[in-house]
C-alpha cells in the first residue's frame, strides 16, 4: 500500500494540465507497446484503396499507398517514444558523467570539460546530425545516437553545479577529516538533489529529441521506409495536402500533442520541486 | 536623448538594408526580361553541365538544345531535318555522307561557324582524354568514324561501313573550336558559361536556383519571338505545381496524381502525349547478388506491376517489359513478360540456394539477400516505386533499403568509374533511332552508358549488325531479337512507359504538335500573347 | 573594462581551436578516400596530387590536422563537388540570405517576447498571462515544417497572395530597387512567420520569468513609491534589468535559430546556407558539408561573443566597477 501511495504522490500534479498530459503520455506508451494487438492492419502493407478519409474501417484513413494511417501512427508512436527515451537516456548518462567528473575533480579537468561544453553548445546540433547522416546511411540507430551525443550539455552543467555546491558544504569537510570516502558521500547527497532538475531537463530533452527526429525523418535523413515515423509520414503527406489533408494534419498533430504533453509534464515536475 | 535601445534598433535596420542591397548587387543583372516576353520553365533537378558532348542527363540536354545547334535536328514528326547543314548527300554505298553547311551561322560571340568547328566537335568526342559518354555512338566495330572538312562549308563523314543511325547522330550540338581547341574540355569554364550557335544565348546559371537564356538576335533562322527563357529549379513536385498554379512558372511537368486537377486550371493548357522514355530498376551486374540471372528473374516475378502502376499512376502509364518504347517503329511486343507470380519467384530462389532465415530474409553462403535501391530525390513516382518494390520484395525474403540522392550527383555516381551502387530506379530517354549500342554493348562499360556492366556476346554482335544494316525490315528483325534476349535476361526490371504530362501557360502560343519531340520543337516560333486562342 | 574585453576575446581563440578539432574529427569519420573530403575524387590526377600535398593527406593524422588548420585560416575549405568552386565562396554567397531570414525573424521574436514577456509578468496570472502561457506552450510544441506547410497551403495555394518559394522573382532583376525590396519582403513573409510562430515561446517565457524576479526587487518598490508612472517603472527600470541576462540568452539561442533556418529554407526554397547544407547532405558533398558545419559554428561563436560584449557595454554595474 505504501508503495502505491508513494507512486501516486510521485505522479500527482497540482496543475490540471500537467496531470492530463501525464495521463495522455501513459496512454500513448501503452498504445505503442500494444500496437500489434491494437492494429488491424500491418502499417507497411500496401492496399488498393488509397487516400481514403477517416472511416470505421480505417480510423485515420489511408495514405497514398493504401496503408492504414492509424496503424502507422501507432507504430510511429513507438519510434517517437523510443527515440525520445533512448536519446535522452544517452544524453543524461553522458551529461551526468561529464558533470560529476568536472565538478569532483575541479581544476584543469573542470576547465577543459567546461570549455568542451561551450564548444559543443556552439555547434548547431542539427548540422552535426545532418553531416553524420550524410556520411553513413541514415537509419534510426544513427539518429538516436547522434541526438543523444549532442544534447548532454545542459545536464552536465546542472550536475556539475550540484556537485560544486555539495562539495562546499561543511559535512563534506568533516567527512574528509574523519577519513570517510568522499565519493560515497557525494553520491548520497548529489543524486537526490540532482534527480529532479535532471528530470525536468530530461523532459525538455525528450521533447526536443522527438522534434529533431521528426524533422530529420521529414527531410528523409531519419527513419527510413518501411518504418513509419510521424516525421516521414508528414513528408509523404506534402504531395497530398489538398487531396488528403488528414495525412498531414494527423501526424503533425500527434507530434505536437506529444511534445506539448511532455513539456507540461516537465512544468509539473518543476512546480513540485519549487514547493 | 537617444535611448540605447533605439540606437540598437536603428543599427540593426541599417545593417539589414545593407545586407539586402549588397546581396542584390552581387547578382548579375539580366536584360529586361518580363512576364510578357519570357517563358519560365520549371526544372525538377539542377542541370549538371552545359556541354552537349559531355552531358548525359535530359535536364542538361533540354537546355543545351536551345543554346547549341547541330548539323541536323528533329521536327515534330520525329523526322530528321536540316539545321546547320542545309543539305546532304549520301555516296559510296552509304559509307560517305557529305554535309553542305549554311554560310550564315554565327557563334554567340560573333565568330562564324565553319566545318572546322564541326570536325573539332566530333574529334573531341572520339578523343579518349575527353570524358564523353557518347564516344560509343561514333565507333563502329572498333573503328572510329572519320571526319573531314573540304573548305569551311563542307563536312564529310567517312564510315567504315554503312551506319544506319548516322543521320540522327549528327544532331549533337556543335562546339566552337576557337574557344576550346587549347582547353581541357573536361574542366573548361566553358561548360558552365557556354557559347553556342542556337536560338538562345547563355546568360547565367545560378546553381540549384536558375538558368537564364536570352534570345540570339542573329540566329540564322530568324530571331526568336520571345526575349528570354528562364529555368527555375524546383526539385519538389508539389512546389512545382504550386508555382504553376500561381503563375510563377509557365511550363511544368505534372505529377500523375495532379493531372485531373491540372486540367481544371484556368491559366494553363494541359497536354498528355507519348514519349520515348522508359523507367526501370537497373541492377549492378558486378554485384554478386545480381550477377546470377535467377535472382533477377525471381525479383521480376515478384514485381506486381499492376499494383505498382495503380498506386502510382492510376492509368496514366503502361507497364514496360523490354528496352524499347512502343512508340518506336521497331518495337517488339512478343517478349518474355515475367508476369507476377510469387510462387515461381520463391521457387526459383529456393532452387538457387537462397534459404529463408529466421529474420525472414534469405541467405546464401553467409550473404543476405539485401540491397539498396538508389532513387533520385524529388521524383515522387520513382520514390514511390521504390517503397512499393521494397514491400513486394519482402514477400520473397529480400530486404531492400532505399537511398535518395539528388539528381546530378546520382548521375555522376552512375557515370563515375567506381560504380558503387547496388541498384537504381532511373529512366532512359531514347533517341529516334533504335540503336542503343551505348547502353547495351559490353564495350560501353565503364565509360559509356552501360553503367550496369551488361555483357552478352550475342547482343553485342546483334547491336553491331543492327547499326550497319540499312534495310528497314532486316533491322527490325535484328532489333526484335535484341529485345527478346534482353527482356529474357532482365538486366533491368523494366517498369513503365510514362506519358508526358505537361502544363503550359495559356499565354504561350506557337507550340509544336504534342509528341515525343516535345512541345517546343520550333522554339523560334513560340510567342507570347494575352489573346486566348486555342492552339 | 578593456581588460575584461580582451579577456573575452582571448577565450575565443581556444574555442575556435576546439571547434576545428571537433570538425576535423567528424570529417574523418567519413568512410572512404580522404581526398573525397576536399575535392571530387574523379578529377584530373595531377590536381589530385596537388590536393594531397596541400592537405597533407599522406602524412600521419596529427600532421594532417595542422595542415587542415593552416588551410582553414586562409579560408580554404576545399572545392565543392558539382559546383566545382571553393567552398568558402559558395557559403559566403549564401550567408546574406540566411542572415536576412534569421535576422528578421529574430528581431520580430525579440519584439514580441519583450512586449508579451514584460506585460504578462506585470499582469501575472491574469487572463492575458494565461493566454500568453498557452500560446507559448503551443508554439514550442509545433513542428516547424508542419507550420510551414500549413502556411503555404493557406496563403500561397488557397489564397494566392504570397509566393511559396524562392528569394525573389528573377524577372525583377532589373527593376528599381524599391520594387525589388518589396518583392523580397513578400517572399520573406511566410518563412519568417513560420520561424516566429515556432520560436517566440522560449524567449517570451524567459523574459516573463526574469521580469517577475525583477519586479519583486526593492528598487521597483522605491520607484513606485517615488510616484513614477507605471510605464516608466516597467520599461525604464524593470526592462533594462531583465534585458541584461537576455543578451546572454540571445547568444545561446543562436544555434536553434540556425537549425530552424535549415528546415525552413528547405521548405520555402530560400537560397541560404541552410538549404545549401541540406542539398549538400543529399549529394554527399563532403567538402561543402564540413565547410558549412565549421563556418556556422564560428558564426554562432562570434554571435555569442558579440552578445557578451554588448553585455559588458550595457551593464552599468560593470562600468561602476571600473571607476573604482
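The values are calculated or read from the model by the stated rules, or taken from the named source; none is laboratory data. What you are looking at is a predicted structure, and each value in this text was computed from that prediction instead of being measured. Because the Cβ atoms are built from the backbone with ideal geometry, glycine has one as well, and the counts that use them run over all protein chains shown.
Return yes or no: is residue B:476 surrounded by fewer than 18 Cβ atoms within 10 Å (Cβ to Cβ), touching a residue at least 60 places away in the same chain (Cβ under 8 Å) and part of a loop (DSSP other than H, G, I, E, B)?
So residue B:476 does not fit the description; no.
Within the group C:110, C:135, C:142, C:149, which residue is within 10 Å of another protein chain (Cβ to nearest Cβ) and over 17 Å from residue C:264 (Cα atoms)?
C:110
Exactly one of these conditions fails for residue A:173: (1) assigned to a helix (DSSP H, G or I); (2) within 12 Å of another protein chain (Cβ to nearest Cβ); (3) over 20 Å from residue A:92 (Cα atoms). Give me its number.
If we test residue A:173 against (1) assigned to a helix (DSSP H, G or I); (2) within 12 Å of another protein chain (Cβ to nearest Cβ); (3) over 20 Å from residue A:92 (Cα atoms), just (2) comes out false.
Please find, among A:24, A:60, A:65, the residue that is farther than 20 Å from residue A:234 by Cβ and out of contact with any strand residue (DSSP E or B) (no Cβ under 7 Å at 6 or more places or on another chain).
A:24
From the list A:249, A:262, A:210, A:255, which residue is surrounded by fewer than 19 Cβ atoms within 10 Å (Cβ to Cβ), at the interface with chain C (Cβ under 10 Å from one of its Cβ atoms) and under 27 Å from residue C:198 (Cα atoms)?
So the residue among A:249, A:262, A:210, A:255 that is surrounded by fewer than 19 Cβ atoms within 10 Å (Cβ to Cβ), at the interface with chain C (Cβ under 10 Å from one of its Cβ atoms) and under 27 Å from residue C:198 (Cα atoms) is A:249.
Quick check: anything in region B:431-449 within 14 Å of chain C (Cβ to nearest Cβ), at negative phi and not in a helix (DSSP H, G or I)?
yes
Are any residues in region A:220-245 in contact (Cβ under 8 Å) with a residue 24 or more places away in the chain, assigned to a helix (DSSP H, G or I) and within 13 Å of chain B (Cβ to nearest Cβ), and if so, which ones?
A:233, A:236, A:237, A:239, A:240
Tally the residues that are over 21 Å from the mean Cα position of the chain (by Cα), surrounded by 15 or more Cβ atoms within 10 Å (Cβ to Cβ) and farther than 23 Å from residue B:469 by Cα, restricting the search to region B:128-151.
Number of matching residues: 1.
Do we have residue B:270 as touching a residue at least 40 places away in the same chain (Cβ under 8 Å), surrounded by fewer than 23 Cβ atoms within 10 Å (Cβ to Cβ) and part of a strand (DSSP E or B) here?
The answer is yes for residue B:270.
Would you list the helices (runs of 4 or more DSSP H) that sit entirely within region A:91-163 and hold 1 or more residues that are more than 10 Å from every other protein chain (Cβ to nearest Cβ) and over 17 Å from residue C:293 (Cβ atoms)?
Of the helices (runs of 4 or more DSSP H) lying wholly inside region A:91-163, those with at least 1 residues that are more than 10 Å from every other protein chain (Cβ to nearest Cβ) and over 17 Å from residue C:293 (Cβ atoms) span A:107-122, A:140-149.
What do you reckon, is residue B:340 touching a residue at least 12 places away in the same chain (Cβ under 8 Å), in a loop (DSSP other than H, G, I, E, B) and more than 11 Å from every other protein chain (Cβ to nearest Cβ)?
When the stated conditions are applied, residue B:340 passes them.
Taking the residues in region B:397-420 that are surrounded by 22 or more Cβ atoms within 10 Å (Cβ to Cβ) and modelled with pLDDT of 90 or more as candidates, determine which candidate is farthest from residue B:380 (Cα to Cα).
Restricting to residues being surrounded by 22 or more Cβ atoms within 10 Å (Cβ to Cβ) and modelled with pLDDT of 90 or more, the top hit is B:397.
Is it true that some residue in region A:189-200 is closer than 22 Å to residue C:256 by Cβ, surrounded by fewer than 24 Cβ atoms within 10 Å (Cβ to Cβ) and within 14 Å of another protein chain (Cβ to nearest Cβ)?
Within region A:189-200 (the criterion being closer than 22 Å to residue C:256 by Cβ, surrounded by fewer than 24 Cβ atoms within 10 Å (Cβ to Cβ) and within 14 Å of another protein chain (Cβ to nearest Cβ)), the answer is yes, since at least one residue qualifies.
Identify all residues within region A:1-59 that are at pLDDT 80 or above, closer than 24 Å to residue A:203 by Cβ and either crowded, with 17+ Cβ neighbours inside 10 Å or within 14 Å of chain B (Cβ to nearest Cβ) (or both); write none if there are none.
Selection gives A:17, A:18, A:21, A:22, A:24, A:25, A:28, A:31, A:32, A:35.
Of the numbered conditions (1) within 13 Å of chain B (Cβ to nearest Cβ); (2) surrounded by fewer than 23 Cβ atoms within 10 Å (Cβ to Cβ); (3) closer than 30 Å to residue C:289 by Cβ, residue C:80 satisfies every one except a single condition; which is it?
Of (1) within 13 Å of chain B (Cβ to nearest Cβ); (2) surrounded by fewer than 23 Cβ atoms within 10 Å (Cβ to Cβ); (3) closer than 30 Å to residue C:289 by Cβ, only one is false for residue C:80: (2).
Among the residues of region C:108-151, count how many are surrounded by 15 or more Cβ atoms within 10 Å (Cβ to Cβ) and either over 25 Å from residue A:258 (Cα atoms) or modelled with pLDDT under 80 (or both).
Qualifying residue count for the region: 11.
What is the residue count in region B:396-430 for residues that are within 20 Å of residue A:221 (Cβ to Cβ), outside any strand (DSSP E or B) and more than 10 Å from chain C (Cβ to nearest Cβ)?
So the count comes out to 2.
For residue C:92, indicate whether it is touching a helix residue (DSSP H, G or I) at 6+ places or on another chain (Cβ under 7 Å), away from chain A (no Cβ under 14 Å) and within 30 Å of residue C:18 (Cα to Cα).
Against the criterion (touching a helix residue (DSSP H, G or I) at 6+ places or on another chain (Cβ under 7 Å), away from chain A (no Cβ under 14 Å) and within 30 Å of residue C:18 (Cα to Cα)), residue C:92 does not qualify.
Surrounded by fewer than 16 Cβ atoms within 10 Å (Cβ to Cβ), in contact (Cβ under 8 Å) with a residue 60 or more places away in the chain and assigned to a strand (DSSP E or B) - does that describe any residue in region B:367-379?
Scanning region B:367-379, I find at least one residue that is surrounded by fewer than 16 Cβ atoms within 10 Å (Cβ to Cβ), in contact (Cβ under 8 Å) with a residue 60 or more places away in the chain and assigned to a strand (DSSP E or B), so the answer is yes.
How many of the residues in region C:252-273 are free of Cβ contacts under 8 Å to residues at least 60 places away in the same chain, under 19 Å from residue A:220 (Cβ atoms) and more than 9 Å from every other protein chain (Cβ to nearest Cβ)?
Selection size over region C:252-273: 0.
Sort out which residues of region B:352-380 are under 17 Å from residue B:496 (Cβ atoms) and modelled with pLDDT of 90 or more, and write them in order of number.
Once the filter is applied, which keeps residues that are under 17 Å from residue B:496 (Cβ atoms) and modelled with pLDDT of 90 or more, region B:352-380 yields B:373, B:375.
How many residues, within region B:306-324, are more than 13 Å from chain A (Cβ to nearest Cβ), at pLDDT 90 or above and out of contact with any helix residue (DSSP H, G or I) (no Cβ under 7 Å at 6 or more places or on another chain)?
2
Looking at this structure, is residue A:72 within 17 Å of residue A:236 (Cα to Cα) and crowded, with 17+ Cβ neighbours inside 10 Å?
yes
Quick one: is residue A:178 closer than 30 Å to residue C:277 by Cβ and either out of contact with any strand residue (DSSP E or B) (no Cβ under 9 Å at 6 or more places or on another chain) or surrounded by 15 or more Cβ atoms within 10 Å (Cβ to Cβ) (or both)?
Against the criterion (closer than 30 Å to residue C:277 by Cβ and either out of contact with any strand residue (DSSP E or B) (no Cβ under 9 Å at 6 or more places or on another chain) or surrounded by 15 or more Cβ atoms within 10 Å (Cβ to Cβ) (or both)), residue A:178 does not qualify.
Here is a yes/no grid of residues against (1) in a loop (DSSP other than H, G, I, E, B); (2) under 21 Å from the mean Cα position of the chain (by Cα):
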residue	(1), (2)
B:242	no, no
B:266	yes, no
B:280	no, yes
B:288	yes, no
B:324	yes, yes
B:328	yes, yes
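Residue-wise test of (1) within 30 Å of the chain's Cα centre (by Cα); (2) outside any helix (DSSP H, G or I); (3) at pLDDT 80 or above; (4) closer than 28 Å to residue C:14 by Cβ.
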site: C:41; (1), (2), (3), (4): no, yes, no, no
site: C:51; (1), (2), (3), (4): no, no, no, no
site: C:57; (1), (2), (3), (4): no, yes, no, yes
site: C:104; (1), (2), (3), (4): yes, no, yes, no
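Would you please name the residue that is farthest from residue C:189 (Cα to Cα), looking only at residues in region C:288-308 that are within 13 Å of chain B (Cβ to nearest Cβ) and touching a residue at least 60 places away in the same chain (Cβ under 8 Å)?
Restricting to residues being within 13 Å of chain B (Cβ to nearest Cβ) and touching a residue at least 60 places away in the same chain (Cβ under 8 Å), the top hit is C:288.
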